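The values are calculated or read from the model by the stated rules, or taken from the named source; none is laboratory data. Everything numeric here is computed off the predicted structure, so don't read it as measured data. Don't worry about glycine lacking a Cβ; one is built from the backbone with ideal geometry, like all the others, and counts go over all protein chains shown. Heavy atoms of the whole protein, side chains included, go into the accessibility calculation; ligands, DNA and RNA do not. Shrake-Rupley method; radii C 1.70, N 1.55, O 1.52, S 1.80 Å.
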Amino acid sequence: MRWSGRFEGYHAAALRKDLVSGLIVGIIAIPLGMAFAIAAGVKPEYGIYTTIVAGIIISLCGGSKFQIGGPTGAFIPILFAIVMQYGYEDLLLAGFMAGMILVLMGIFKLGALIRYIPRPVTIGFTSGIAVIIFSGQIANFLGLSGIAKHENFVPNMKEILLHLGTVNLYSVLTAAICLAVLLLAPKWMPKVPASLL
(Lines give C-alpha, C1' and ligand atoms only; values in the text may rest on other atoms or scores of the structure.)
Protein backbone atom coordinates (compact mmCIF):
# COMPACT_ATOMS: atom_id res chain seq x y z
CA MET A 1 0.00 0.00 0.00
CA ARG A 2 1.42 3.37 -1.05
CA TRP A 3 0.90 6.38 1.19
CA SER A 4 0.71 10.00 0.08
CA GLY A 5 0.83 13.37 1.79
CA ARG A 6 2.42 13.45 5.23
CA PHE A 7 2.48 9.61 5.31
CA GLU A 8 4.53 9.30 2.12
CA GLY A 9 7.34 6.79 2.61
CA TYR A 10 5.71 5.31 5.72
CA HIS A 11 6.57 1.63 6.28
CA ALA A 12 6.20 -1.22 8.79
CA ALA A 13 9.42 -0.36 10.68
CA ALA A 14 8.18 3.20 11.20
CA LEU A 15 4.85 1.83 12.45
CA ARG A 16 6.66 -0.35 15.03
CA LYS A 17 8.65 2.65 16.25
CA ASP A 18 5.48 4.74 16.42
CA LEU A 19 3.71 2.06 18.47
CA VAL A 20 6.58 1.91 20.99
CA SER A 21 6.71 5.72 21.15
CA GLY A 22 2.96 5.91 21.63
CA LEU A 23 3.06 3.32 24.41
CA ILE A 24 5.82 5.18 26.28
CA VAL A 25 4.11 8.56 25.81
CA GLY A 26 0.80 7.07 27.00
CA ILE A 27 2.38 5.56 30.10
CA ILE A 28 3.98 8.89 30.94
CA ALA A 29 1.22 11.27 29.78
CA ILE A 30 -1.71 9.71 31.65
CA PRO A 31 -0.25 10.03 35.18
CA LEU A 32 1.23 13.39 34.19
CA GLY A 33 -2.23 14.58 33.11
CA MET A 34 -3.62 13.42 36.46
CA ALA A 35 -0.86 15.26 38.33
CA PHE A 36 -1.45 18.46 36.37
CA ALA A 37 -5.20 18.22 36.98
CA ILE A 38 -4.63 17.92 40.73
CA ALA A 39 -2.14 20.83 40.64
CA ALA A 40 -4.69 22.91 38.71
CA GLY A 41 -7.31 22.27 41.39
CA VAL A 42 -9.62 19.83 39.54
CA LYS A 43 -10.31 16.09 39.89
CA PRO A 44 -7.61 13.73 38.54
CA GLU A 45 -10.01 11.97 36.16
CA TYR A 46 -10.36 15.21 34.19
CA GLY A 47 -6.63 15.00 33.50
CA ILE A 48 -7.07 11.46 32.15
CA TYR A 49 -9.95 12.47 29.87
CA THR A 50 -8.08 15.49 28.57
CA THR A 51 -4.87 13.56 27.92
CA ILE A 52 -6.63 10.80 25.96
CA VAL A 53 -9.00 13.01 23.95
CA ALA A 54 -6.38 15.66 23.18
CA GLY A 55 -3.82 13.01 22.19
CA ILE A 56 -6.23 11.44 19.69
CA ILE A 57 -7.31 14.79 18.22
CA ILE A 58 -3.72 16.03 17.90
CA SER A 59 -2.66 12.82 16.17
CA LEU A 60 -5.57 12.85 13.72
CA CYS A 61 -5.68 16.57 12.94
CA GLY A 62 -2.02 17.59 13.30
CA GLY A 63 -0.15 18.73 10.22
CA SER A 64 3.25 17.21 10.94
CA LYS A 65 4.64 13.71 10.47
CA PHE A 66 6.67 14.05 13.69
CA GLN A 67 4.71 15.51 16.56
CA ILE A 68 3.62 14.70 20.04
CA GLY A 69 0.80 15.96 22.18
CA GLY A 70 0.42 15.79 25.90
CA PRO A 71 -0.16 17.71 29.11
CA THR A 72 1.99 20.76 29.73
CA GLY A 73 2.95 22.27 33.06
CA ALA A 74 2.86 25.82 31.71
CA PHE A 75 -0.93 25.87 32.00
CA ILE A 76 -1.09 24.91 35.69
CA PRO A 77 -0.92 28.47 37.12
CA ILE A 78 -3.42 29.75 34.54
CA LEU A 79 -5.91 26.91 35.06
CA PHE A 80 -5.53 27.03 38.84
CA ALA A 81 -6.23 30.78 38.90
CA ILE A 82 -9.37 30.29 36.77
CA VAL A 83 -10.62 27.43 38.99
CA MET A 84 -9.94 29.43 42.18
CA GLN A 85 -11.66 32.58 40.96
CA TYR A 86 -14.47 31.33 38.71
CA GLY A 87 -14.94 27.59 39.37
CA TYR A 88 -14.73 24.49 37.21
CA GLU A 89 -17.66 25.35 34.90
CA ASP A 90 -16.00 28.57 33.78
CA LEU A 91 -12.71 26.68 33.29
CA LEU A 92 -14.48 24.59 30.62
CA LEU A 93 -15.73 27.78 28.96
CA ALA A 94 -12.24 29.33 29.05
CA GLY A 95 -10.76 26.14 27.57
CA PHE A 96 -13.31 26.16 24.74
CA MET A 97 -12.57 29.83 24.01
CA ALA A 98 -8.81 29.17 24.01
CA GLY A 99 -9.34 26.29 21.58
CA MET A 100 -11.31 28.52 19.22
CA ILE A 101 -8.56 31.15 19.36
CA LEU A 102 -5.98 28.47 18.47
CA VAL A 103 -8.10 27.28 15.54
CA LEU A 104 -8.43 30.85 14.25
CA MET A 105 -4.68 31.42 14.68
CA GLY A 106 -4.06 28.28 12.63
CA ILE A 107 -6.49 29.30 9.89
CA PHE A 108 -4.99 32.80 9.61
CA LYS A 109 -1.36 31.58 9.99
CA LEU A 110 -0.74 33.76 13.05
CA GLY A 111 1.76 31.35 14.63
CA ALA A 112 4.54 33.27 12.85
CA LEU A 113 3.91 36.19 15.24
CA ILE A 114 5.85 34.31 17.94
CA ARG A 115 9.10 35.53 16.37
CA TYR A 116 8.20 39.08 17.44
CA ILE A 117 8.02 38.20 21.14
CA PRO A 118 11.40 39.15 22.71
CA ARG A 119 13.55 36.29 24.04
CA PRO A 120 13.73 37.73 27.61
CA VAL A 121 9.91 37.65 27.76
CA THR A 122 9.88 33.96 26.78
CA ILE A 123 12.67 33.09 29.25
CA GLY A 124 11.01 35.09 32.04
CA PHE A 125 7.65 33.43 31.43
CA THR A 126 9.19 29.94 31.37
CA SER A 127 11.26 30.61 34.52
CA GLY A 128 8.21 31.99 36.34
CA ILE A 129 6.20 28.88 35.43
CA ALA A 130 9.07 26.67 36.67
CA VAL A 131 9.15 28.48 40.04
CA ILE A 132 5.36 28.23 40.43
CA ILE A 133 5.30 24.50 39.58
CA PHE A 134 8.29 23.74 41.83
CA SER A 135 6.93 25.70 44.78
CA GLY A 136 3.50 24.15 44.28
CA GLN A 137 4.93 20.65 44.73
CA ILE A 138 6.83 21.29 47.98
CA ALA A 139 3.78 20.42 50.09
CA ASN A 140 3.24 17.17 48.13
CA PHE A 141 6.94 16.25 48.39
CA LEU A 142 6.83 16.67 52.17
CA GLY A 143 3.38 15.07 52.50
CA LEU A 144 2.00 18.04 54.39
CA SER A 145 -1.65 17.86 55.42
CA GLY A 146 -4.23 20.60 56.02
CA ILE A 147 -2.71 22.90 53.38
CA ALA A 148 -5.05 25.53 51.93
CA LYS A 149 -4.22 26.59 48.37
CA HIS A 150 -3.98 30.30 47.57
CA GLU A 151 -3.68 32.17 44.30
CA ASN A 152 -0.47 33.99 45.26
CA PHE A 153 3.07 32.75 45.89
CA VAL A 154 3.74 34.32 49.32
CA PRO A 155 0.56 33.01 51.06
CA ASN A 156 1.31 29.52 49.67
CA MET A 157 4.85 29.60 51.11
CA LYS A 158 3.48 30.85 54.44
CA GLU A 159 1.00 27.95 54.43
CA ILE A 160 3.84 25.46 53.94
CA LEU A 161 5.85 26.97 56.82
CA LEU A 162 2.81 26.85 59.12
CA HIS A 163 2.24 23.14 58.39
CA LEU A 164 5.85 21.88 58.52
CA GLY A 165 4.94 19.92 61.64
CA THR A 166 2.73 17.61 59.54
CA VAL A 167 5.58 16.17 57.43
CA ASN A 168 4.91 12.58 56.33
CA LEU A 169 8.17 10.58 56.26
CA TYR A 170 6.72 7.96 53.88
CA SER A 171 5.84 10.68 51.40
CA VAL A 172 9.32 12.21 51.65
CA LEU A 173 10.95 8.77 51.18
CA THR A 174 8.79 7.97 48.12
CA ALA A 175 9.42 11.40 46.59
CA ALA A 176 13.19 11.16 47.24
CA ILE A 177 13.40 7.73 45.57
CA CYS A 178 11.44 8.99 42.54
CA LEU A 179 13.65 12.09 42.29
CA ALA A 180 16.80 9.98 42.51
CA VAL A 181 15.53 7.68 39.72
CA LEU A 182 14.71 10.69 37.52
CA LEU A 183 18.17 12.18 38.02
CA LEU A 184 20.30 9.02 37.88
CA ALA A 185 18.48 6.85 35.31
CA PRO A 186 19.65 8.85 32.25
CA LYS A 187 23.26 8.18 33.25
CA TRP A 188 22.80 4.44 33.82
CA MET A 189 20.17 3.62 31.18
CA PRO A 190 20.14 6.43 28.59
CA LYS A 191 17.81 4.57 26.20
CA VAL A 192 15.03 4.13 28.78
CA PRO A 193 12.98 7.26 29.60
CA ALA A 194 13.52 8.16 33.27
CA SER A 195 9.85 9.16 33.69
CA LEU A 196 8.82 5.67 32.57
CA LEU A 197 10.92 4.10 35.32
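Going by the alpha-carbon gyration tensor, a ≥ b ≥ c the square roots of its eigenvalues, is segment 17-138 rounded (a/c under 1.5) or, if a/c is not under 1.5, prolate (a/b greater than b/c) versus oblate?
It comes out rounded by the Cα gyration axes.
What part of the accessible area of segment 59-197, given as a whole %, is carbon or sulfur when the probe is 1.4 angstrom?
73
So for the pair Ile57, Val121, with labels modelled 7 Å out along Cα→Cβ, what separation do we get in nm?
Computed distance between label sites Ile57 and Val121 equals 2.7 nm.
Leaving ligands, DNA and RNA out of it, work out the accessible area of Leu183 with a 1.4 Å probe and give it in Å² to the nearest 10.
Rounded to the nearest 10, that gives 110 Å².
Sorted by packing (mean other beta-carbon atoms within 10 Å per residue), highest first, where do 119-129, 87-97 land?
87-97, 119-129
Hey, in the GNM for the chain with a 10 angstrom Cα cutoff, which one of Ile24, Ile117, Ile58 fluctuates hardest?
Ile117
With a cut-off of 8 Å between alpha carbons and a minimum separation of six or more residues, what is the relative contact order of the chain in percent?
It rounds to 15 percent for the chain.
For Phe80, what charge total do you get from the other residues with a beta carbon under 11 Å from its beta carbon, if Lys and Arg give +1 and Asp and Glu give -1?
Result for the local shell: 0.
Just from its helices, what would the mean residue ellipticity at 222 nm be for the chain, if runs of 4 or more DSSP H residues each count -39500 (n - 2.57) and the sum is divided by every residue, rounded to the nearest 500 deg cm²/dmol?
Values: 8 runs with 130 residues, N = 197.
After summing the helix terms and dividing by residue count, I get -22000 deg cm²/dmol.
Normalised by the number of residues in segment 131-178, what is the relative contact order in percent for Cα pairs under 8 Å and 6+ residues apart?
45
When the solvent-accessible surface of protein heavy atoms is calculated with a 1.4 angstrom probe, in what order do Val83, Val25 fall, highest first?
Final ranking, largest accessible area leading: Val25, Val83.
Compute and list, largest first, the equivalent-ellipsoid semi-axes of segment 96-166 from the alpha carbon gyration tensor, each √(5λ) rounded to a whole angstrom.
Working from the Cα gyration tensor, I get semi-axes of 37, 15, 9 Å.
I'd like to check one number: the per residue accessible area of the chain, probe 1.4 Å, reported in Å² as a whole number.
Here the residues of the chain average 74 Å² of exposed surface.
Rank these by accessible area, largest first, 1.4 Å probe: Met157, Met34, Met189.
Met189, Met34, Met157
Give me the extension gain from Lys17 to Leu92: residue separation times 0.36 nm, minus the current Cα-Cα distance, reported in nm with one decimal. Before the final figure, lay out each step's value.
Numbers: separation 75, 0.36 × 75 = 27.00 nm, distance 3.50 nm.
Once the chain is fully extended between Lys17 and Leu92, it gains 23.5 nm.
Rounded to two decimal places and with Rh computed the Kirkwood way over Cα pairs, what is Rg over Rh for segment 111-151?
Checking Rg against Rh, the ratio lands at 1.24.
Is segment 68-197 best put as rounded, prolate or oblate by its Cα gyration tensor, with a ≥ b ≥ c the root eigenvalues, rounded for a/c under 1.5, and otherwise prolate when a/b is larger than b/c, oblate when not?
Judged from the Cα gyration tensor, segment 68-197 comes out oblate (a/c at least 1.5, b/c at or above a/b).
What FRET efficiency do you get for Gln67 and Leu184 if R0 is 25 Å and r is their Cβ-Cβ distance, rounded to the nearest 0.05?
Efficiency at R0 = 25 Å is approximately 0.25.
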